[in-house]
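K.L.:
Pasting a structure below so you can have a look.
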Amino acid sequence: MDIEMFREYCLSLPGTTEEVKWEDNLCFMIEKKIFVMSSLTEGSLAMKCNPEEFEELVARDGIRQAWHLAKGQWIGLMDLEVMPAAELKRRIAESRQLVLSKLPKKVQEKYKAQ
């Protein structure tokens, strides 16, 4: 998956907005909460993951604990090719859902049918 396909997929998820933060990070958000970001200069990627899968994920080549993000909850991928496209899409959607699940119930209701 290339950066444009990645961007297109993220923006296809309901309620997703994008913004460049910290000079070179393309961030995708739901209700102003980041669920995935990509470095525009390095090509790396960070996303929230299920804490129960964290150890298994960081044991894989090209995946590590995401820098400056919640320990044991965010993974960093060295580039978009670390995972097959289908798995990457699934994990991005899961990251969005994990972030959404922490928002108020009223906000979550907006996205239930989507």
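K.L.:
Over the range 3-111, what is the relative contact order in percent, taking alpha-carbon pairs closer than 8 angstrom and at least six residues apart?
P.N.:
RCO, the range 3-111: 23 percent.
K.L.:
Treat every Asp and Glu Cβ in the range 3-111 as -1 and every Lys and Arg Cβ as +1, leave all other atoms uncharged, and give the resulting dipole magnitude about the Cα centre to the nearest 20 debye.
P.N.:
640 debye
K.L.:
Report the label-to-label distance for Tyr111 and Val58 in nanometres (one decimal), using points 7 Å from each Cα along the Cα→Cβ vector.
P.N.:
2.5 nm
K.L.:
Next question, about the same structure. Tell me the label-point distance for the pair Ala93, Met5, using the 7 Å Cα-to-Cβ offset, in nm and rounded to one decimal.
P.N.:
That separation, rounded to one decimal, is 1.6 nm.
K.L.:
At a Förster radius of 30 Å, what calculated FRET efficiency corresponds to the Cβ-Cβ distance of Met78 and Leu103, to the nearest 0.05?
P.N.:
The value I calculate is 0.50.
K.L.:
Classify the range 8-72 as rounded, prolate or oblate, taking a ≥ b ≥ c as the square roots of the eigenvalues of its Cα gyration tensor: rounded when a/c is under 1.5, otherwise prolate if a/b is larger than b/c and oblate if not.
P.N.:
Because a/c hits 1.5 or more and a/b exceeds b/c, the range 8-72 counts as prolate.
K.L.:
Taking only Cα atoms, what is the 0 to 90° angle, nearest 10, from helix 85-100's long axis to the longest principal axis of the chain?
P.N.:
50 degrees
Since every read-out is calculated from the coordinates, none of them should be taken as a lab result. Model, not experiment: these values are computed from the prediction. Here Cβ is always computed from backbone atoms with ideal geometry, including for glycine, and neighbour counts include all displayed protein chains.
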